[in-house]
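Presented below is the structure to which this report refers.
Any read-out appearing in this document is the output of simple, stated calculations on the displayed coordinates, not a laboratory observation. Not measured: the values here are computed from a predicted model. Here the Cβ positions follow ideal geometry from the backbone for every residue, glycine too, while neighbour counts run over all protein chains shown.
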Amino acid sequence: MPGRSQGLRGWGGMRSEVLILALIVGACTWGFRYFPLRADLKDLPPDGALARFLSATGPAAIATLFVAEVMPLLKLPLTGLVPLVAGVAAVVGVFVWRKSAVVATLAGSLAYGIAFALLG
Amino acid sequence: MREERASFWGGLGTAVPLVLGYLPIAFSFGVAATRSGLSVAEAFALSLIIYAGAAQFLAIALIAAGAPVAVAAFTLVAMNIRHVLYGPALMKRVGADARRQHAWAWSFMLTDEVFGAALGALARGRVFSEPFMFGLGLGAYAAWLAGTLVGAYAGAGALDGWPAVSAGLGFRLPALFLALLLSILQRAQLPVIAVAAVAVVVVTWAWSGTAGLLAGMIAGAVAGVAGLGRHAE
């Protein structure tokens, strides 16, 4: 990408391409969050194709993101998989225990870091 | 169950767990952004304007790879389309008569975690109100922006002397997605999840990571249309 136009001191400037990308994605994301709030979905057939598509999009997206994040970690040597196993086990175990995505996330990250340190 | 007053401050209080979760993830985003060559201003702009963690991490990769704006925008917008589900699900929980006059503002902050926290608070007896949603949303948003700034200013070398901390922070995103997946998991959705997982692996290995993301989401959603996971809510 072209060089940055210099902005505030210490901020390092802003490329127009990055700003345009942020504005496009930000506007669309806001639209995804806002407009369905206003929509009247009472007449949407509950077993129709759109309803099924919307119902499946959430779990499909999150599963895709998780797999995409884990795939690079699977390329590590065998010892590198131990922190991954520890992290995943901690997320699952703590989620079952506390039913909190935030606490499970923190526990998984902590377990991964500890296992990494112990193997280091 | 006793119904608690759903004030702005009540929303801020409900946001405390999100603040604890968001600060380190946003910090790692700021570090990753500057490590990939983005300026502090660019990292902060992504958090300020997009405010969607997974999309922001992918944005770093796309920008660093020199992807055209149109391709990057399409990819990131497709990634965020899942957010269309949250509004109807929330309104279904609070009732069709719920006040939504200022939803144009607080809905900007309706992230995965804010949505989950709002549903959890409602289940614990909170009464839905727009001030509550503003408190909940602004608490999480402020933490995200603050974490991004600190991480971006700390810079790429911030964690060089702390490899275990760096590794742990690097696992925050997979851990978050796994936790979110567990939070919405139902037996009926397993086929959809399996189809998405297989699609992202195959297409990523055969083509590219970006194509794999799109393939996984679309294949999973189409599996839902085809009737797999038909009874999932």
Label model pair B:V16, A:V82: point-to-point distance (7 angstrom along the Cα→beta-carbon line) in nm is 3.7
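From the C-alpha coordinates alone, can you work out the Kirkwood hydrodynamic radius of chain B, in Å? Walk me through the numbers on the way to the answer.
Numbers: mean 1/r = 0.0525 Å⁻¹.
After inverting the pairwise mean of 1/r, the radius is 19.1 Å.
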For the pair A:W97 and B:A65, the simple spin-label estimate (label points 7 Å beyond Cα toward Cβ) gives in nm 3.8
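Shielding by partners for B:213-221, please: the mean number of other protein chain Cβ atoms within 10 Å of each residue's Cβ. Mind dumping the intermediate values first?
Working: counts 5, 1, 1, 8, 9, 5, 3, 9, 11.
That average works out to 6.
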By the mean-Cβ-within-10 Å protection proxy, highest first, B:63-74, B:129-140 rank as B:129-140, B:63-74
Averaged over the residues of B:50-58, the number of partner chain Cβ atoms within 10 Å of each residue's own Cβ comes to 4
In a Gaussian network model of chain B with springs linking alpha carbons closer than 10 Å, the residue among B:V202, B:V31, B:V150 that fluctuates most is B:V202
Computed about the Cα centre, the charge dipole of the protein assembly as shown from +1 Lys/Arg and -1 Asp/Glu charges at the Cβ has a magnitude in debye, to the nearest 20, of 320
Chain B, Gaussian network, Cα under 10 Å: of B:A123, B:A146, B:A54, the residue fluctuating most is B:A123
So the FRET efficiency between B:A211 and B:V127, C-beta based with R0 = 51 Å and rounded to 0.05, is 0.65
The distance between the Cα centres of the range B:55-109 and the range B:174-233, in whole Å, is 18
Residues other than B:R35 with Cβ under 13 Å of its Cβ, Lys/Arg counted +1 and Asp/Glu -1, net out at -2
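Enter the mean number of other protein chain beta carbons within 10 Å of the beta carbon of each residue in B:183-196, as an integer.
On the way: counts 6, 5, 4, 1, 0, 2, 6, 2, 1, 8, 8, 1, 3, 11.
Mean shielding by partner chains, rounded to a whole number: 4.
May I ask you to order A:12-19, B:167-174 by the average number of other C-beta atoms within 10 Å around their residues, highest value first?
Going from most to least packed, we get B:167-174, A:12-19.
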